[in-house]
Each structure stands twice: as C-alpha cells, then as structure tokens.
Amino acid sequence: MSELIIDKITTRDGSMIGAVVVSDLDELLLLNTNKEINTTAIVKDIDRGGVFVYDATQSGVNNDGTIFNGWVRQYDGAVNVKWFGAKGDGIENDVVAIQAAIDTLHTDIYIPCGVYNIEGANDVNSDGISLRSNLNLFGEGESTILRQMGDTMFCVSINQGSSGTVTEADNIRDITVKGLSFTMELTSFREFQHSLNINAATNVLVESCTWVGWRGDAVYIGSSNTSVERHNKNITVRNCYFDGVNKVNRNAVTVIDGYNISITNNYFTRCSRSDMPGAVDIEPNVNTYHIVGNIEVSNNTFSDIGGDTGVICFAIPGIDYAVQPKNFKIINNTIENFGVNRGIYYRYNNTFVGGTPITSNSPSNNLVVSGNTISNGRFPFVIATAKGVSIKDNSFEICTHSAFLKLENEDNLIDVSLTGNSFYKCGTTEDDVAYNRGLYVGNVENFKLTDNSFIDCGRASGGNGVGIDFTGASASSGVILSRNTFSSPLGLMSLAVRKDGGHTFTPSTNVNTDNLLLDGTTSMFEPISSAVWVPTVSGSTLAGVFSYTEHSGEYTRDGEHKVIFANIAWTSSTATGQLYVDLPEDTNTTVGFTNIDITVSGFTLTVGDKVVGLINNSANRIQLYVENAGTLSPLYASSSGALYLNATYV
C-alpha cells in the first residue's frame with residue numbers, strides 16, 4: 001500500500017490538518033489511526049470514495065456506507081446509494097446496497113443515473129426495497145432505472161405483506177419518491193406483482209416518476225398484501241408517465257383503501273389486459289373496514305388503454321362500509337382511443353351483494369365528473385347506482401356506443417345533474433342497434449338535464465339515432481329537461497328523446513322547457529299530466545250553496561307549471577262576500593298575487609270594468625276583482641251568473 005501525504009487540508013470547522021489519500025475502502029480500513037496525520041483520509045474510489053474522519057467512539061460501527069469501523073464519511077446533503085456498494089450497472093443485484101442506504105435514517109437518499117437491478121430478498125424484508133418514515137428518495141428521472149427482476153413481488157414497498165397496524169397514526173409517513181424510472185421483465189402477466197407497493201402509509205408524494213412495463217400494478221395503494229385491515233391517507237401521484245408497453249398487466253394505479261388520494265397531471269398509455277379494469281382503478285374489496293373517499297383523478301391524459309371496466313374506474317361493492325364511500329372527482333382529463341373499454345365507470349353496487357339499497361334518505365356519494373374530453377372509444381361513461389352525481393361541461397365525442405346512466409335493470413340513481421355537456425356522434429355502432437343512442441337512462445329520481453347538446457348521435461347509416469333514450473324495465477321521476485339542443489346536420493338522429501315501451505315516466509313530476517329540436521328531430525318526453533277538475537266556488541263572507549247548470553274544469557301539469565280551464569254557471573246561490581275559486585293544486589309562487597283574465601256574465605258591470613282573478617299564494621285560491629282605470633274592487637257573489645277562466649300558474 002502506498003500513501004500520499006498531504007501537508008494541509010481545510011476541514012468544515014476551518015482547521016488545517018494533514019490527510020492520507022488511499023485508493024479504496026479496503027486501504028482505508030488498514031490505516032494506523034494512532035497517528036495524528038491519519039485522523040483524516042481521502043478515498044479516491046469514484047463511487048464509494050470521499051473524505052473520512054476517524055472517530056474512536058464509533059470504532060465498532062460499520063454500516064458499509066457512511067461509517068467504517070470508526071471512519072465517518074464527511075458530507076452535506078443526500079446519502080448516495082453508491083456509497084453502500086450499489087453498482088447501477090444492470091448486472092449486479094443492488095437491492096441490499098439501496099436498502100442499507102435507506103436504513104441510515106438520513107432524510108435524503110439519492111440514486112444516481114444507472115440501471116439498478118432489484119431482485120429477491122434483502123436483509124430486512126421478503127422482497128425488494130422497503131421505505132421508512134421521513135424519507136426523500138430521488139433520482140435523475142428517466143436515467144435512474146430500477147429494474148424489477150424475475151419473480152420479485154415488489155420493487156419498492158411501504159409496509160409490504162401484513163406490516164403496519166389498523167391504526168392510521170401508526171402508519172409509515174412523510175415519504176417522497178421522485179425522479180425514478182421503474183421497469184420490469186415482461187415475461188408474463190402476474191396480477192399481484194406490483195412495482196410501487198403502498199400499504200398503511202400517510203403523506204406520500206410520488207412525483208415525476210416513469211414506469212415502462214409492469215405485470216400487476218405500477219402503483220398499488222392497498223390494505224396490505226395479505227387481506228388484513230390497513231389504511232392509507234394523503235397519497236399523491238403526480239406528473240408521472242405510465243407506459244404498460246404491451247397491455248399485459250392489471251392497472252397503472254390501483255386504490256383498495258385510501259382517503260385524500262390525488263392522481264393528477266399524469267400520462268397513461270398501453271396498460272391493462274383485456275379482462276382487467278383499466279388505467280386507474282378505485283376498487284375496495286368486500287370488507288366493511290375499507291375506506292375510499294376524497295379521491296380526485298384530474299388533469300391526466302389517457303391514450304390507447306385496454307381493460308374492460310373503465311379507463312377511470314370506481315367499482316365499489318355494495319356493502320355497508322363503516323365509512324361511507326363519498327367525495328369523488330373526475331375532472332379535466334383527456335381520454336382517447338380506448339378501444340372496447342368505457343371512458344369513465346362508476347358503480348356503487350349496493351343491491352347485488354347484500355348492501356342497503358340507495359334511497360332518497362341515503363347519504364350522497366358526491367360524484368363530480370367535470371371538464372373531461374372523452375373520444376374515440378366505446379362507451380363514453382357508465383354511471384350506475386349512486387346518489388349525488390354532477391356531470392358538467394364534458395365533451396363526449398365519436399364513441400361507438402352510448403353513454404349509460406345504468407348498467408343492470410336493478411341499478412338506480414338519485415339526484416343526478418347533467419349540465420353543459422356535448423354529445424357528438426355517440427352510439428355510431430353498426431353492430432348493435434340497442435346502443436345506437438347518445439345517452440341511455442334507466443332508473444333515475446330527480447334528474448336535471450340542462451344546457452346540453454346532442455349532435456348526430458346514431459349509426460353512420462343514419463336515420464334512427466336517438467339523443468336520450470329512457471330504457472325499458474325502468475322508471476324515472478323528477479326529470480327536468482331544459483335548454484338542451486338536439487341537432488342532426490348529417491341526418492343520423494331522428495329522435496331527440498325516446499321513451500322505450502317498458503319505461504315508466506312520472507309526468508306530473510317532469511319539466512320540459514326551452515329545448516331546441518333542430519333538423520327534424522322530435523321528442524317522446526312526457527312531462528305533461530292532465531286531469532278532470534271540478535272547481536269549487538265560494539263567497540268570502542259565507543261560502544254558500546250553488547245550484548249549477550255548468551260545473552266543469554280540467555288542468556294540465558307540465559312540471560311546475562299548471563294550466564287550468566274552468567266553465568261554471570249557476571242559477572241560484574246563497575254565497576255572500578267576494579267570489580273565490582279554489583285551485584286544483586297548491587301554488588308554489590313567491591309572488592303574492594298573479595293576474596288571471598276571466599270572462600263573466602250575470603254580474604252588474606259599468607263601462608270600463610274588467611273582471612280579473614288574482615291568485616292568492618297563501619290561500620291557494622283565485623280571488624275575483626273588478627278592475628277599472630287601475631283600481632281594484634272585489635267582485636261580489638251574485639244569486640246567478642257564469643264565469644269562464646283559462647290560466648297558467650306555478
């Protein structure tokens with residue numbers, strides 16, 4: 001061993017001492033530390049070298065990276081995994097070295113450029129690398145590659161297996177994973193072999209990472225890997241790139257259990273085998289302890305996605321969870337070229353596995369679908385069995401099949417708002433006329449459709465397309481159809497709204513106002529109910545008894561608007577005071593009185609007199625007056641007379 005003696009070196013505290021320069025760590029450990037000049041050493045090894053100072057109090061410590069039998073590495077900033085022997089050469093297994101760096105408990109762990117093979121067990125865990133609390137693990141982006149080898153179940157884990165507890169306060173927490181690229185040998189599909197495996201974790205940020213090829217999930221946010229209760233909170237995946245390469249994997253991101261989850265500003269492509277859900281799958285298992293809530297999928301791009309359930313999928317079993325699944329946002333995403341899958345899928349499947357059916361008294365799921373563009377796929381969306389759904393300002397374009405507000409006949413939806421959306425050339429399939437629609441609607445209660453446009457929905461062969469189809473074996477109520485536009489410049493769509501013979505409307509609860517039907521489109525919507533009405537006439541002082549010669553009426557209800565007709569004549573009456581006519585239904589107007597024109601005979605009137613009726617909203621009746629030169633005076637009951645009225649009120 002040769003030594004190069006340096007007379008003076010400046011240390012952190014500003015002192016000037018001598019140092020010895022050695023070629024590698026083996027030479028460092030052979031130094032005679034009794035000599036003052038040898039208390040500082042410089043190791044020239046390009047990967048593991050650095051400046052070391054001898055500390056006799058740590059002579060028995062060797063972590064193989066920052067302390068070697070008393071020789072303590074001098075450094076600022078992050079710990080480099082290469083100090084611990086990681087090669088990054090794509091040949092050696094680097095799992096033990098990387099784990100050793102993480103186990104120093106230093107906050108910042110740096111993985112330089114290179115290809116790091118992650119294979120099999122390490123000294124601490126059963127498979128791959130395990131993360132701990134208070135950790136910032138980062139690399140150089142696409143040039144720092146973690147390659148998951150062979151049958152290694154997990155590349156990087158937080159609490160793999162059954163680690164962790166049921167108590168969120170015990171979670172591993174405060175972790176950032178940034179600037180790493182993950183890949184895997186793509187020999188075959190393996191559903192539960194994941195790249196980044198997260199369980200019982202809190203405050204985790206996954207940022208600016210890349211995945212190119214995986215077998216199970218790229219990112220798995222689970223409740224353990226052994227089906228025991230664990231919970232996750234405050235997990236963010238953002239600015240990442242997911243390329244499944246061959247669509248022979250499960251999902252890009254799976255959430256089994258998570259509260260406050262954000263998946264945002266990512267790019268997804270070529271993922272999910274044909275019998276798997278899709279790119280992002282929110283799917284708790286059938287365990288009442290699972291928590292899924294406050295989940296946002298936003299500002300992502302999805303292109304060329306496989307799967308068979310939904311590119312963005314919320315498949316929630318219909319059991320009675322201890323914590324109600326709610327508060328889901330799917331906003332400002334672009335979904336394109338998604339083959340046979342559905343763009344967005346949401347189903348809170350209550351009635352099929354023993355859960356409590358959704359009713360008007362159920363809590364809201366609060367699902368928001370807003371600002372998305374979905375094009376060139378099969379179904380734009382399928383939303384079934386939910387309460388509290390807002391679908392707003394989305395664009396659904398050139399999809400072979402219909403958008404669905406149902407899946408099975410048993411599905412039901414309550415409190416749904418569809419506002420400001422565009423359906424352009426949806427339902428263009430030639431293969432199945434049943435899907436030749438823009439929007440399919442099943443069982444729905446309180447359904448508001450306003451300011452939407454339906455353009456040329458239907459088959460390319462044309463002529464029988466439908467904008468909105470209320471399907472058979474189902475029923476709807478409280479449907480408000482307002483300010484929508486239906487047009488078919490290409491002649492593909494003939495019906496704006498269709499009612500299947502097996503669908504039951506509740507016309508008395510429906511509203512149809514200010515919709516624009518262009519290009520010859522027609523509508524089968526039924527907002528109107530009619531009934532015979534026998535009007536009651538009375539006096540304000542004494543109601544009286546009337547001998548009628550004509551006593552008929554009817555009313556029609558169009559949503560909140562009521563149109564009434566009455567034809568009344570009598571030959572004798574004992575009524576006294578102002579003349580009243582009761583309404584067939586209560587008025588909802590907030591205005592005290594509403595004018596009604598009335599034609600009368602048998603009353604003493606002077607020149608300029610005009611009989612009018614004012615609706616009294618507090619008494620739900622029409623009160624008759626004589627108007628002359630802007631002055632109103634009561635029209636008093638007469639022993640004989642007749643009146644005819646025609647009015648609209650709310």
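Among the numbered conditions (1) at pLDDT below 95; (2) out of contact with any helix residue (DSSP H, G or I) (no Cβ under 9 Å at 6 or more places or on another chain); (3) open to solvent by 60 Å² or more (accessible area, probe 1.4 Å), tell me where Ser364 comes up short.
Every condition holds for Ser364 apart from (3).
May I ask you to say which residue of Asn365, Asn376 is of a type in the set (S, T, N, Q) and part of a loop (DSSP other than H, G, I, E, B)?
Working: Asn376 fails: part of a loop (DSSP other than H, G, I, E, B).
Going through Asn365, Asn376 in turn, the sole match is Asn365.
Output the residue which, of all residues in the range 581-611 that are of a type in the set (Val, Ile, Thr) and modelled with pLDDT of 80 or more, is surrounded by the fewest Cβ atoms within 10 Å (Cβ to Cβ).
The residue in question is Val607.
Out of (1) among the hydroxyl-bearing types (Ser, Thr, Tyr); (2) modelled with pLDDT of 95 or more; (3) farther than 21 Å from Gln74 by Cβ, the odd one out for Ser126 is which?
(2)
Name the residue that is farthest from Thr152 (Cα to Cα), counting only residues in the range 192-226 that are in a loop (DSSP other than H, G, I, E, B) and within 24 Å of the chain's Cα centre (by Cα).
If we take residues in the range 192-226 being in a loop (DSSP other than H, G, I, E, B) and within 24 Å of the chain's Cα centre (by Cα), then Ser208 is farthest from Thr152 (Cα to Cα).
So, in the range 127-172, exactly how many residues are among the β-branched types (Val, Ile, Thr), open to solvent by 30 Å² or more (accessible area, probe 1.4 Å) and in a loop (DSSP other than H, G, I, E, B)?
3
What do you reckon, is Ser195 buried (at least 20 other Cβ atoms within 10 Å of the Cβ) and closer than 27 Å to Asn117 by Cα? Give the derivation first.
Details: buried (at least 20 other Cβ atoms within 10 Å of the Cβ): yes; closer than 27 Å to Asn117 by Cα: yes.
It is true that Ser195 is buried (at least 20 other Cβ atoms within 10 Å of the Cβ) and closer than 27 Å to Asn117 by Cα.
Out of the residues in the range 429-443 meeting the condition of being buried (at least 20 other Cβ atoms within 10 Å of the Cβ) and outside any strand (DSSP E or B), tell me which one is modelled with the highest pLDDT. Spell out how you get there, then give the answer.
Step one: list which residues in the range 429-443 are buried (at least 20 other Cβ atoms within 10 Å of the Cβ), which gives 435-443.
Then drop every residue that is not outside any strand (DSSP E or B), which leaves 435-436, 442.
Details: Tyr435: 65, Asn436: 80, Gly442: 93.
Out of the qualifying residues, it is Gly442.
Please go through the range 269-301 and pick out each residue that is hydrophobic (A, V, I, L, M, F, W, C), under 14 Å from the mean Cα position of the chain (by Cα) and more than 24 Å from Pro363 (Cα to Cα).
Taking the range 269-301 as the starting set, the residues that turn out to be hydrophobic (A, V, I, L, M, F, W, C) are 271, 276, 279-280, 282, 286, 291-292, 295, 297.
Within this subset, residues satisfying the condition of being under 14 Å from the mean Cα position of the chain (by Cα) are 279-280, 282, 292, 295, 297.
Result: Ala279, Val280.
Within the set of pairs 6 or more residues apart or between chains, which connect a residue that is at pLDDT below 95 inside the range 222-244 to a residue that is surrounded by 24 or more Cβ atoms within 10 Å (Cβ to Cβ) and of a type in the set (Phe, Trp, Tyr) with Cβ atoms less than 9 Å apart?
The qualifying pairs are Asn225/Phe154.
What's the number of the only condition in (1) among the polar types (S, T, N, Q); (2) part of a loop (DSSP other than H, G, I, E, B); (3) out of contact with any Phe, Trp or Tyr (no Cβ under 8 Å at 6 or more places or on another chain); (4) open to solvent by 10 Å² or more (accessible area, probe 1.4 Å) that Thr309 fails to meet?
Every listed condition holds for Thr309 apart from (3).
Considering only the range 34-42, I want to know if a residue exists there that is modelled with pLDDT of 85 or more, of a type outside the set (A, V, I, L, M, F, W, C) and farther than 30 Å from Gln99 by Cβ.
yes
Which one of these is of a type outside the set (Gly, Ala, Ser), open to solvent by less than 20 Å² (accessible area, probe 1.4 Å) and in contact (Cβ under 8 Å) with a residue 24 or more places away in the chain: Leu614, Leu643?
Only one candidate passes the filter, namely Leu643.
Considering only the range 459-509, how many residues are touching a Lys or Arg at 6+ places or on another chain (Cβ under 8 Å) and closer than 14 Å to Thr522 by Cβ?
Count: 6.
Residues to consider are Ile67, Ile91; find the one that is more than 39 Å from the chain's Cα centre (by Cα) and without any contact (Cβ under 8 Å) to a residue 24 or more places away in the chain. Give the steps one after another, and end with the answer.
On the way: Ile91 fails: without any contact (Cβ under 8 Å) to a residue 24 or more places away in the chain.
Being more than 39 Å from the chain's Cα centre (by Cα) and without any contact (Cβ under 8 Å) to a residue 24 or more places away in the chain holds for just one of Ile67, Ile91, which is Ile67.
Which of the residues that make up the range 235-268 are open to solvent by 10 Å² or more (accessible area, probe 1.4 Å) and under 19 Å from the mean Cα position of the chain (by Cα)?
Going through the range 235-268, the residues open to solvent by 10 Å² or more (accessible area, probe 1.4 Å) turn out to be 236, 238-239, 241, 243, 245-248, 250, 256, 259-260, 262, 264-265, 267.
Matches in the range 235-268: Thr236, Arg238, Asn239, Ile256, Tyr259, Asn260, Ser262, Thr264, Asn265, Tyr267.
All but one of (1) under 26 Å from Cys457 (Cβ atoms); (2) in contact (Cβ under 8 Å) with a residue 40 or more places away in the chain hold for Lys392; state the number of the condition that does not hold.
Only one criterion in (1) under 26 Å from Cys457 (Cβ atoms); (2) in contact (Cβ under 8 Å) with a residue 40 or more places away in the chain is unmet by Lys392, namely (2).
Considering only the range 71-83, how many residues are in contact (Cβ under 8 Å) with a residue 24 or more places away in the chain and crowded, with 19+ Cβ neighbours inside 10 Å? Give the steps one after another, and end with the answer.
Keep residues of the range 71-83 that are in contact (Cβ under 8 Å) with a residue 24 or more places away in the chain, which gives 71, 74-75, 77-83.
Checking which are crowded, with 19+ Cβ neighbours inside 10 Å leaves us with 71, 79-83.
Residues flagged as in contact (Cβ under 8 Å) with a residue 24 or more places away in the chain and crowded, with 19+ Cβ neighbours inside 10 Å within the range 71-83 amount to 6.
Given the range 444-528, what strands (runs of 3 or more DSSP E) lie entirely inside it while holding 1 or more residues that are of a type in the set (S, T, N, Q)?
Working: elements: 453-455, 465-470, 474-482, 485-487, 493-499, 511-513.
Once the strands (runs of 3 or more DSSP E) in the range 444-528 are filtered for at least 1 residues that are of a type in the set (S, T, N, Q), what remains is 453-455, 474-482, 485-487, 493-499, 511-513.
Run Ala384 past the list (1) surrounded by 24 or more Cβ atoms within 10 Å (Cβ to Cβ); (2) under 14 Å from the mean Cα position of the chain (by Cα) and report the number of the one that doesn't hold.
Result: Ala384 passes all but (1).
The values are calculated or read from the model by the stated rules, or taken from the named source; none is laboratory data. Because the structure is predicted, anything quoted here is derived from the model rather than measured. Cβ atoms come from the backbone with ideal geometry, glycine included; neighbour counts cover every protein chain shown. With ligands, DNA and RNA removed, areas are computed over all heavy atoms of the protein, side chains included. Shrake-Rupley method; radii C 1.70, N 1.55, O 1.52, S 1.80 Å.
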